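Quick notes on the structure that follows.
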Amino acid sequence: MSDTIIDEVMISKAIIQTYHEILMDSLDLDVAIVGGGPAGLMAAYYLASLGRKTALFERKLSIGGGIWGGGIGYNVVVVQDEGRRLMEEIGLEVKEFAPGYFTADSIQFVAALIRAAGQAGARIFNLSTVEDVMVKEGRVCGVVLNHSAIEVAGLHVDPISIRAKYVIDATGHPMEILHKVQQKTDIPLATPTGKLVGERSMNAPLGEASVPKNTIEIAPGLYVVGMAANAAMGAFRMGPIFGGMLLSGRKAAREINERLG
Ligand code: 48F
């Protein structure tokens, strides 16, 4: 037993000062990622591994997005061969179910992704809702952030702003950041119509194949990954198969890294 006398105020100081230092150091980023599902977490892992100053903002208390519940709450996820390799890279145990189909425990999948991204140096902020983007001279150049508890309570409290050279919309089906850009700016989106098209019904092979293709710089300074990429382009949903999400996050990270020079 140590002789240190536990002091309640010292515990408070440790939390406030440590969080404050991390937040202060995250006000000017290379990349701000909105959404902590598989695509956002994979992008965070690769960007941080490439030495980019990266922060991920997640509205919920728990990081992981749609991973936790696998399919209908059965906590198993499925990936194809390429996805399997990425899962093994982050230390996840993967089992072959049938040729070309691999399974992993969805809870361990979340844990492995968070650990990989965090250890690579990405900052992960939970309870952090991105409610808007910062736009200058036709380019997205940051995110506007509020505490999720303020959003949930519906309080009239102003947000803070965080500058980023690139923003990634990894918000999944609702594509929240893209909606803000469409509603509030004149910037055309790089979709077939210049507007958000909306996702199509279930078609796992076509949906999976199109996620990496649809992972693009959809507006200057703004990338879209994961399910948001398919929804933006009018592509199909794919259900609880996750390889495309991982490949999408990696593709965005690699391209942004190149563009940052
Ligand atoms: O939905 P989500 O897991 O997105 P994803 O990475 O993966 C999609 C799959 O989970 C699955 C699928 C096929 O495999 O279709 O659905 O594309 O994670 C999105 C995360 O973004 C958070 C949200 O809480 C979720 O955890 N999010 C959404 N809007 C905001 C946000 C926002 N405005 N600010 C912060 N976080």
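One line per residue, one yes/no per condition, for (1) more than 17 Å from residue 246 (Cα to Cα); (2) in contact with a helix residue (DSSP H, G or I) (Cβ under 8 Å, 6 or more places away or on another chain):
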residue	(1), (2)
38	no, yes
56	no, yes
70	no, yes
80	no, yes
111	no, no
116	no, yes
128	yes, yes
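Of everything in segment 1-36, what is farther than 24 Å from residue 141 by Cβ and either assigned to a loop (DSSP other than H, G, I, E, B) or in contact with a His (Cβ under 8 Å, 6 or more places away or on another chain) (or both)? Give them in sequence order.
1, 2, 3, 4, 5, 6, 7
Among the residues of segment 37-58, write down those that are part of a helix (DSSP H, G or I) and of a type in the set (Ser, Thr, Tyr).
Filtering segment 37-58 for residues part of a helix (DSSP H, G or I) gives 38-49.
Once the filter is applied, which keeps residues that are part of a helix (DSSP H, G or I) and of a type in the set (Ser, Thr, Tyr), segment 37-58 yields 45, 46, 49.
Do we have residue 130 as touching a strand residue (DSSP E or B) at 6+ places or on another chain (Cβ under 8 Å), over 18 Å from residue 59 (Cα atoms) and surrounded by 15 or more Cβ atoms within 10 Å (Cβ to Cβ) here?
When the stated conditions are applied, residue 130 does not pass them.
Give me the pairs, please: first residue somewhere in segment 173-190 and touching a residue at least 24 places away in the same chain (Cβ under 8 Å) and in a helix (DSSP H, G or I), second residue anywhere and hydroxyl-bearing (Ser, Thr, Tyr) and within 14 Å of the ligand (Cβ to nearest atom), beta-carbon distance under 7 Å, and either six or more positions apart or on two chains.
177/171
Could you list, in sequence order, the residues of segment 45-58 that are more than 9 Å from the ligand (Cβ to nearest atom) and either open to solvent by 10 Å² or more (accessible area, probe 1.4 Å) or more than 17 Å from residue 127 (Cβ to Cβ) (or both)?
45, 46, 47, 48, 49, 50, 51, 52, 53, 54 - these are the residues of segment 45-58 that are more than 9 Å from the ligand (Cβ to nearest atom) and either open to solvent by 10 Å² or more (accessible area, probe 1.4 Å) or more than 17 Å from residue 127 (Cβ to Cβ) (or both).
Name the single residue that is nearest to the ligand (Cβ to nearest atom) among those in segment 212-228 being in contact with a strand residue (DSSP E or B) (Cβ under 8 Å, 6 or more places away or on another chain), outside any strand (DSSP E or B) and small (Gly, Ala, Ser).
Within segment 212-228, the subset in contact with a strand residue (DSSP E or B) (Cβ under 8 Å, 6 or more places away or on another chain) is 214-225, 227-228.
Adding the requirement that they be outside any strand (DSSP E or B) leaves 214-216, 220-221, 225, 227-228.
Checking which are small (Gly, Ala, Ser) leaves us with 221, 228.
Values: 221: 17, 228: 6 Å.
For segment 212-228, the residue satisfying everything is 228.
Does residue 201 fit the bill of being closer than 20 Å to residue 67 by Cα, assigned to a helix (DSSP H, G or I) and hydroxyl-bearing (Ser, Thr, Tyr)?
Criteria not met by residue 201.
So for segment 59-70 (the condition being touching a Leu at 6+ places or on another chain (Cβ under 9 Å), assigned to a helix (DSSP H, G or I) and not small (Gly, Ala, Ser)), does at least one residue qualify?
The answer is yes; a qualifying residue exists.
Given the condition closer than 30 Å to residue 221 by Cβ, out of contact with any Lys or Arg (no Cβ under 9 Å at 6 or more places or on another chain) and within 15 Å of the ligand (Cβ to nearest atom), answer yes or no: does some residue in segment 8-30 qualify?
Looking for residues that are closer than 30 Å to residue 221 by Cβ, out of contact with any Lys or Arg (no Cβ under 9 Å at 6 or more places or on another chain) and within 15 Å of the ligand (Cβ to nearest atom), one finds none in segment 8-30, hence no.
I'm trying to understand the selection: among the residues of segment 196-212, which are open to solvent by 10 Å² or more (accessible area, probe 1.4 Å) and more than 25 Å from residue 143 (Cα to Cα)?
200, 201, 202, 203, 204, 205, 206, 208, 209, 210
Looking at residue 19, is it at pLDDT 95 or above and exposed (fewer than 12 other Cβ atoms within 10 Å of the Cβ)?
Answer is yes for this residue.
What residue, among those in segment 229-261 that are free of Cβ contacts under 8 Å to residues at least 60 places away in the same chain and away from the ligand (no atom under 12 Å from the Cβ), is least open to solvent (accessible area, probe 1.4 Å)?
Going through the qualifying residues, I end up with 234.
With (1) of a type in the set (Asp, Glu); (2) away from the ligand (no atom under 12 Å from the Cβ); (3) out of contact with any Lys or Arg (no Cβ under 9 Å at 6 or more places or on another chain) as the list, and residue 208 as the residue in question, which single condition is left unmet?
(2)
What is the one condition in (1) within 25 Å of the chain's Cα centre (by Cα); (2) surrounded by fewer than 24 Cβ atoms within 10 Å (Cβ to Cβ); (3) hydrophobic (A, V, I, L, M, F, W, C) that residue 6 does not satisfy?
In the conditions (1) within 25 Å of the chain's Cα centre (by Cα); (2) surrounded by fewer than 24 Cβ atoms within 10 Å (Cβ to Cβ); (3) hydrophobic (A, V, I, L, M, F, W, C), residue 6 misses (1) alone.
The values are calculated or read from the model by the stated rules, or taken from the named source; none is laboratory data. A quick note: this is a predicted structure, and the numbers were derived from the prediction, not measured. FYI the Cβ positions are ideal-geometry reconstructions off the backbone, even for glycines, and counts take in every protein chain you see. Protein only, heavy atoms only, side chains kept; ligands, DNA and RNA dropped before computing areas. Shrake-Rupley method; radii C 1.70, N 1.55, O 1.52, S 1.80 Å.
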